[in-house]
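The values are calculated or read from the model by the stated rules, or taken from the named source; none is laboratory data. Remember, predicted model here, so these are calculated numbers, not experimental data. For neighbour counting, all protein chains shown are included, and Cβ atoms are generated from backbone atoms with ideal geometry for every residue, glycine included. Just the protein is used for accessible areas: all its heavy atoms, side chains included, with ligands, DNA and RNA removed. Shrake-Rupley method; radii C 1.70, N 1.55, O 1.52, S 1.80 Å.
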Amino acid sequence: IRAAVLVVCGIVVCAAEGVSGGMIADFEKEENVELWKAVRAVCTFSEEYPASGKGCMKVVFKADRSYAAYEPEEPMDFGGYDFFVFEVYNPQPVIVHGFLCIRDEWKGKKGEVRRSVALIPGKSTITVDMAEFMPDGRPLNLSGITGIKIGVASYVGRGKILYIDDIRLRTMGWNPLGSGKEGVYRFDFGPENGPVYKGFLKVTAQTMYDP
């Protein structure tokens, strides 16, 4: 990551006792930004491009592998949730390659898993199935989440700007295609013998439509 700017909007985090309402970060006040640590970066409050509300956290990436991180004093409990979700606004005319990193602690050992994310120009919703996070080949310890990192890839970082809002958790019943209205489904059109992510319906050449 050479220098770049990441903006994350409003934040409310409830540690140890679980995440209240699934919301992790909703940066609405300047003091909310102070909860995030900038590593080789600078974080400031901004009112540009929030996905909701009026506030954002602006992070300027200054070097390779720079990121914004939240590391609570007590572990967070993500139990009962399936997806890690956040909103992104990318003002660049090109895709920005970033990453999401979740850290946990299990049986006295710390684990960390990184997931690459492609941030398209304009608004997008990033949804990650937490079942995909396998530190050292084991399931993520959802009751012992010790940190979150959001950054930009080292080869595209310098000078980039991102706005991030509504960092939250969602259950399997949540519908990332919309507001969860009845009749809206998620379909997988991948290889016939390929894996199917949880919550998706496999569609092949043999699939029949039955209204």
* Structure fact -> Restricting attention to region 29-50, the residues that are touching a Lys or Arg at 6+ places or on another chain (Cβ under 7 Å) and part of a loop (DSSP other than H, G, I, E, B) number exactly 2
* Structure fact -> (1) under 15 Å from the mean Cα position of the chain (by Cα); (2) modelled with pLDDT under 90; (3) open to solvent by less than 50 Å² (accessible area, probe 1.4 Å) all hold for residue 100 apart from (2)
* Asked: Among 91, 135, 139, which is open to solvent by 50 Å² or more (accessible area, probe 1.4 Å) and free of Cβ contacts under 8 Å to residues at least 60 places away in the same chain?
  -> 139
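Okay, residues lined up against (1) modelled with pLDDT under 90; (2) out of contact with any Gly (no Cβ under 9 Å at 6 or more places or on another chain); (3) outside any strand (DSSP E or B):
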position: 93; (1), (2), (3): no, yes, yes
position: 136; (1), (2), (3): yes, no, yes
position: 140; (1), (2), (3): no, no, yes
position: 147; (1), (2), (3): no, yes, no
position: 157; (1), (2), (3): yes, no, yes
* Selection count, region 107-128, where residues are surrounded by fewer than 16 Cβ atoms within 10 Å (Cβ to Cβ), touching an Asp or Glu at 6+ places or on another chain (Cβ under 9 Å) and over 21 Å from residue 51 (Cβ atoms) -> 3
* Residue by residue through region 69-82, note down the ones that are assigned to a strand (DSSP E or B) and open to solvent by less than 10 Å² (accessible area, probe 1.4 Å). => 69, 76
* Asked: When you go through 79, 111, 144 one by one, which is the residue that is within 15 Å of residue 24 (Cα to Cα) and either among the charged types (D, E, K, R) or touching a Pro at 6+ places or on another chain (Cβ under 6 Å) (or both)?
  -> 144
